[in-house]
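Encoded as structure tokens, the structure appears first; notes follow it.
The values are calculated or read from the model by the stated rules, or taken from the named source; none is laboratory data. Computed from a predicted model, the values in this text were never measured in an experiment. Here Cβ is always computed from backbone atoms with ideal geometry, including for glycine, and neighbour counts include all displayed protein chains.
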Amino acid sequence: MRISVIVPTYNERENLEELFDRISRALEGYDYEIIIVDDDSPDRTWEFAQQLGERYPVKVIRRTKEKGLSSAVIRGFREASGDVFVVMDADLQHPPEVIPELLKAIEDGAEVAIASRYVPGGGVRNWYWYRKLISRGAIMIGRLALPKIRNVKDPVSGFFALRREVVEGVNLNPVGFKILMEILIKGKYGKVAEVPFTFGLRKAGESKLGTKTMLNYLRHVYRLMRWEGELDRLIKFTLVGLSGVFVNEGFLWLFVSGFGWDKILANVPATELAILNNFTWNDLWTFKDLKRKPLWRRLLTFHIAALTGAVVQWLIYAGLVYLGLYYLVANLIGIVVSFVVRFLVNRHVTWG
């Protein structure tokens, strides 16, 4: 089994010698190569990597027209000769000593092995609270928006291994840094394994995390939602919800004006008919490909989602009004949050 260790770099000259030495010791006994894909670093990382190539099995690719971590990794895939690809950063926050554990997971049957900060035994070292919050929030957004990865604890890790076949012939077109998420959505694989590791301190250089990185991540999630069809599903769910408004209003008018029912009591059957309308169209249209559970369970869970959404809407409305927000604005915010909650519960539970 030949291993290709793909390392995208930009101004990482100070870390290279230690990185290569530790990779060499970690992969002793393996047939391996190190592929440096450098974005024409001002500190001439690519040049130093070429010099180190006299002592280590290094292939250096200097890119002068392209930029970006994810595109660098894709270029590395194209240039690699290995059966298994390992992707890692050059800043030594990804300890090379974990590579054999990733390879062991591959040998044991996984097609993708992720060095994970968020499985038992994993962690981060000396992060500020807001950095932890950003990381957890990004993962939560990805797992909620993309159900295919909802069981992966660290889908935004930059340290992972995969069999060549996972990405062969796959059109990868990620935005920003999080190429693993793109691979998990588009790649050809059956089993994913997560290996714990501790995300270490940067040895030298500067962190590349910034506002642009976070915005690119959100763009990436949006694009993957479109690719997966989840955005279309959200639009359908919205249209069905709007139809439920007309059903509710129509039957409420009929029961009050046509049958003379009490205005308060008439709202109960009108609401139930709207829920049944929404369930029927969502079952036949929005989630027609996800009917894995019995009809009665789907219907029951849909009612629970509707109730949960109503409770969330009221709590947000009451809280914002208490804080002094204009009641119509507070109600609108409650409606939006309630809609999101109902969609997520139905996507992940009712038709999950």
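Condition test on residue 84, is it in contact with a helix residue (DSSP H, G or I) (Cβ under 6 Å, 6 or more places away or on another chain) and closer than 19 Å to residue 167 by Cβ? Let's see the steps before the verdict.
Numbers: in contact with a helix residue (DSSP H, G or I) (Cβ under 6 Å, 6 or more places away or on another chain): yes; closer than 19 Å to residue 167 by Cβ: yes.
When the stated conditions are applied, residue 84 passes them.
Quick one: would you say residue 290 is touching a residue at least 40 places away in the same chain (Cβ under 8 Å) and not in a helix (DSSP H, G or I)? Give the steps one after another, and end with the answer.
On the way: touching a residue at least 40 places away in the same chain (Cβ under 8 Å): yes; not in a helix (DSSP H, G or I): yes.
The answer is yes for residue 290.
Determine whether residue 132 is among the basic types (Lys, Arg) and under 15 Å from the mean Cα position of the chain (by Cα).
no
Under 6 Å between Cβ atoms, which residue pairs at least 6 apart in sequence (or on different chains) link something in region 65-94 that is under 10 Å from residue 5 (Cα atoms) and without any contact (Cβ under 8 Å) to a residue 24 or more places away in the chain with a partner that is among the aromatic types (Phe, Trp, Tyr) and buried (at least 22 other Cβ atoms within 10 Å of the Cβ)?
none
Go through region 11-45 and count every residue that is over 13 Å from residue 91 (Cβ atoms), of a type outside the set (Lys, Arg) and assigned to a helix (DSSP H, G or I).
Counting residues in region 11-45 that are over 13 Å from residue 91 (Cβ atoms), of a type outside the set (Lys, Arg) and assigned to a helix (DSSP H, G or I) gives 6.
Restricting region 143-185 to residues that are small (Gly, Ala, Ser) and outside any loop (DSSP other than H, G, I, E, B), which is modelled with the highest pLDDT?
So in region 143-185, the residues small (Gly, Ala, Ser) come out as 145, 157-158, 161, 169, 176.
Those still in the list that are outside any loop (DSSP other than H, G, I, E, B) too: 145, 161.
Values: 145: 89, 161: 98.
Once the filter is applied, the top-ranked residue is 161.
Residue 282: crowded, with 18+ Cβ neighbours inside 10 Å, touching a residue at least 12 places away in the same chain (Cβ under 8 Å) and not in a loop (DSSP other than H, G, I, E, B), yes or no? Can you show your working first?
On the way: crowded, with 18+ Cβ neighbours inside 10 Å: yes; touching a residue at least 12 places away in the same chain (Cβ under 8 Å): yes; not in a loop (DSSP other than H, G, I, E, B): yes.
It is true that residue 282 is crowded, with 18+ Cβ neighbours inside 10 Å, touching a residue at least 12 places away in the same chain (Cβ under 8 Å) and not in a loop (DSSP other than H, G, I, E, B).
Going through region 244-297 one residue at a time, which ones are within 31 Å of the chain's Cα centre (by Cα) and farther than 20 Å from residue 234 by Cα?
293, 294, 295, 297
From the list 263, 293, 236, exactly one residue is crowded, with 16+ Cβ neighbours inside 10 Å and touching a helix residue (DSSP H, G or I) at 6+ places or on another chain (Cβ under 9 Å). Which is it? Before the answer, list the steps.
Values: 263 fails: crowded, with 16+ Cβ neighbours inside 10 Å; 293 fails: crowded, with 16+ Cβ neighbours inside 10 Å.
Sole residue among the options that is crowded, with 16+ Cβ neighbours inside 10 Å and touching a helix residue (DSSP H, G or I) at 6+ places or on another chain (Cβ under 9 Å): 236.
So, in region 298-347, exactly how many residues are in a helix (DSSP H, G or I) and either more than 13 Å from residue 237 (Cβ to Cβ) or polar (S, T, N, Q) (or both)? Give the steps one after another, and end with the answer.
Here is the first cut: in region 298-347, the ones in a helix (DSSP H, G or I) are 298-322, 327-347.
After this cut, where a residue has to be either more than 13 Å from residue 237 (Cβ to Cβ) or polar (S, T, N, Q) (or both) as well, the list is 298-301, 303-304, 307-308, 310-322, 327-338, 346.
So the count comes out to 34.
So, residue 347, is that one over 20 Å from residue 246 (Cα atoms), touching a residue at least 12 places away in the same chain (Cβ under 8 Å) and over 25 Å from the mean Cα position of the chain (by Cα) or not? Break it down into steps so the answer makes sense when it comes.
Numbers: over 20 Å from residue 246 (Cα atoms): yes; touching a residue at least 12 places away in the same chain (Cβ under 8 Å): yes; over 25 Å from the mean Cα position of the chain (by Cα): no.
No.
Kindly evaluate residue 12 against the criterion of being within 32 Å of the chain's Cα centre (by Cα), crowded, with 21+ Cβ neighbours inside 10 Å and among the charged types (D, E, K, R).
Values: within 32 Å of the chain's Cα centre (by Cα): yes; crowded, with 21+ Cβ neighbours inside 10 Å: yes; among the charged types (D, E, K, R): yes.
Considered against the rule, which asks whether it is within 32 Å of the chain's Cα centre (by Cα), crowded, with 21+ Cβ neighbours inside 10 Å and among the charged types (D, E, K, R), residue 12 comes out as yes.
Under the condition of being in contact with an Asp or Glu (Cβ under 8 Å, 6 or more places away or on another chain) and over 15 Å from residue 58 (Cα atoms), which residue from region 16-42 is modelled with the highest pLDDT?
Out of the qualifying residues, it is 26.
Inspect all residues belonging to region 258-276 and state whether any of them is within 15 Å of residue 350 (Cβ to Cβ) and out of contact with any strand residue (DSSP E or B) (no Cβ under 7 Å at 6 or more places or on another chain). Walk me through it before giving the result.
Quick first cut of region 258-276, residues within 15 Å of residue 350 (Cβ to Cβ) only: 275-276.
Applying the additional criterion that residues be out of contact with any strand residue (DSSP E or B) (no Cβ under 7 Å at 6 or more places or on another chain) yields 275-276.
So far as region 258-276 goes, yes, one or more of its residues are within 15 Å of residue 350 (Cβ to Cβ) and out of contact with any strand residue (DSSP E or B) (no Cβ under 7 Å at 6 or more places or on another chain).
Name the one entry in 180, 231, 254 that is more than 30 Å from residue 168 (Cβ to Cβ) and among the aliphatic types (A, V, I, L, M).
Numbers: 180 fails: more than 30 Å from residue 168 (Cβ to Cβ); 231 fails: more than 30 Å from residue 168 (Cβ to Cβ).
Exactly one residue qualifies, and that residue is 254.
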